[in-house]
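**Student:** Take this structure, written in C-alpha cells, and hold onto it; I'll ask about it next.
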Amino acid sequence: MFLSDSDLQAIWLTVRLASTVTGILLFIGTPIGWWLARTRSKWKGPIGAVVALPLVLPPSVLGFYLLLAMGPHGPVGYLTSELGIGPLPFTFWGLVLASVFYSLPFMVQPVQNAFEAIGDRPLEVAATLRATPLDAFFSVALPLALPGFLTAGILTFAHTVGEFGVVLMIGGNIPGVTRVASVQIYDHVEALEYAQAHRLAAVMLVFSFLVLLGLYAWRPNPKNG
C-alpha cells in the first residue's frame, strides 16, 4: 500500500484532533475576537498579547508549562482529578487542550480583524431599526464577518494538523491515542524508514498546499468589491 495502517491511523487521529480543536475554538475565539474588536478597555493590549503569545513562544516552552498545569500537582490536573476525569497528559483530550492554547491566535486574530473591518455604521443602522445587540450580532456582524471565520477555520485546522513540539510533549507517542501524523513522520525518520517518511510527508505537503490554495481562492478581492 502507499501508506501503512499505522500511517492511516495517524492521519485519522490528526484529522480528528484538528476538527475537534477547530470546533472548540470557534466557540471560544468568537467572543474573544468580538471583545477585542469592540472594546476600549485598558486590558485590550495585555489580553491581545496573551492571545498572540503562541505565535512567538517556542512550542517546547508552551508544552512544558501546559504539562506542569495538567500534571497531578498543577491546577488543571487537580481539577480533573477532583472531577474524576483523571490526568490529561498522554491522552487525546490532553492533546486537544494543548492544541486549543497553541492554535488560539490563528482563530482569534482573523475573527477580530473581520469584526474590526465591519465598522460601527452597520451596527448603528441595526440599532435604529430597534435590533437588540444580540440580534445585531447574529443578523449583521456574523454574516459580514463570514470570510474572516472561513479564514480562521482553515488556518486553525491547518495549524493543528502541523503541530509537533506541543503534541509530542503533552501526548508523547502512543499509537492510536496521541501519535499524530507529524510524530509518525518523526518515528519513520528516527527508524531510518525514509521511504515511509517520504510518502507520509508528501501527503502532508499536498494537504498544506491545497489548504493554502483554498484559502487564497476564497479570500475576497477588495478590488472587485
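**Student:** Relative to the present Cα-Cα distance, how much length would full extension add between Leu68 and His198 at 0.36 nm per residue of separation?
**Tutor:** Working: separation 130, 0.36 × 130 = 46.80 nm, distance 3.44 nm.
So the extension gain works out to 43.4 nm.
**Student:** Can I ask one more? Assign one of three labels to region 135-219, namely rounded, prolate or oblate, based on the Cα gyration tensor with a ≥ b ≥ c the square roots of its eigenvalues; rounded applies when a/c is under 1.5, prolate when it is not and a/b is larger than b/c, and oblate otherwise.
**Tutor:** oblate
**Student:** Now for a separate question. When all protein chains stay in place, what accessible area (Å², nearest 10, 1.4 Å probe) is found for Met107?
**Tutor:** About 0 Å², rounded to the nearest 10.
**Student:** Under the Karplus relation 6.51 cos²θ - 1.76 cosθ + 1.60, θ = phi - 60°, what is the ordered set of whole-Hz ³J(HN,Hα) values for region 144-157, x standing for Gly and Pro?
**Tutor:** 5, 8, 4, x, x, 5, 4, 4, 4, x, 5, 5, 5, 4
**Student:** How far apart, in nanometres, would the label points at Ala127 and Lys42 be if each is projected 7 angstrom from Cα along the Cα-to-Cβ direction?
**Tutor:** Label at Ala127, label at Lys42, 2.5 nm between them.
**Student:** In nm, what is the difference between 0.36 nm times the number of residues separating Trp35 and Ser4 and their Cα-Cα distance? Walk me through the numbers before you get to the answer.
**Tutor:** Numbers: separation 31, 0.36 × 31 = 11.16 nm, distance 4.59 nm.
Difference between extended and current length: 6.6 nm.
**Student:** Calculate the FRET efficiency for Val61 and Tyr216 from the Cβ-Cβ distance with a Förster distance of 22 Å, rounded to the nearest 0.05.
**Tutor:** 0.10
**Student:** So, one more: Rounded, prolate or oblate, given the Cα gyration tensor of region 1-114, with a/c below 1.5 counting as rounded?
**Tutor:** Oblate is the answer for region 1-114, as a/c is 1.5 or above yet b/c matches or exceeds a/b.
**Student:** Could you tell me whether the chain comes out rounded, prolate or oblate from its Cα gyration tensor? Rule is a ≥ b ≥ c as square roots of the eigenvalues, rounded for a/c under 1.5, then prolate if a/b exceeds b/c, otherwise oblate.
**Tutor:** oblate
**Student:** Cβ under 14 Å from Asp7's Cβ, Asp7 left aside: what net charge do those residues give with Lys, Arg +1 and Asp, Glu -1?
**Tutor:** Combined, the nearby Lys, Arg, Asp and Glu give -1.
**Student:** Would you check the accessible area of Glu82, probe 1.4 Å, heavy atoms only, in square angstrom rounded to 10?
**Tutor:** Accessible area of Glu82: about 120 Å².
**Student:** I need the phi-derived Karplus couplings for region 60-71: 6.51 cos²θ - 1.76 cosθ + 1.60, θ = phi - 60°, integer Hz, Gly and Pro marked x.
**Tutor:** 5, 5, 4, x, 4, 6, 5, 5, 5, 5, 8, x
**Student:** Here's a follow-up. Within the accessible area of the chain, what % is carbon and sulfur when the probe is 1.4 Å and the other protein chains stay in place?
**Tutor:** Summing carbon and sulfur atoms, their accessible area is 70 percent of the total for the chain.
**Student:** Apply the Karplus parameterisation 6.51 cos²θ - 1.76 cosθ + 1.60, with θ equal to phi minus 60°, to every residue of region 35-43 and state each ³J(HN,Hα) to the nearest whole Hz, in sequence, with x for glycine and proline.
**Tutor:** Karplus values, whole Hz, x for Gly and Pro: 5, 5, 6, 9, 6, 10, 5, 5, 8.
**Student:** If ligands, DNA and RNA are left out, what is the accessible area of Ile28 with a 1.4 Å probe, given in Å² to the nearest 10?
**Tutor:** Ile28 exposes around 70 Å² with every protein chain in place.
**Student:** In whole angstrom, note down how far apart the Cα centers of region 139-165 and region 71-116 are.
**Tutor:** 18 Å
The values are calculated or read from the model by the stated rules, or taken from the named source; none is laboratory data. This structure is a prediction, so every number in the text was calculated from the model and none was measured. Cβ atoms come from the backbone with ideal geometry, glycine included; neighbour counts cover every protein chain shown. Each accessible area value is taken on the protein alone, full model and side chains, heavy atoms only, with ligands, DNA and RNA left out. Shrake-Rupley method; radii C 1.70, N 1.55, O 1.52, S 1.80 Å.
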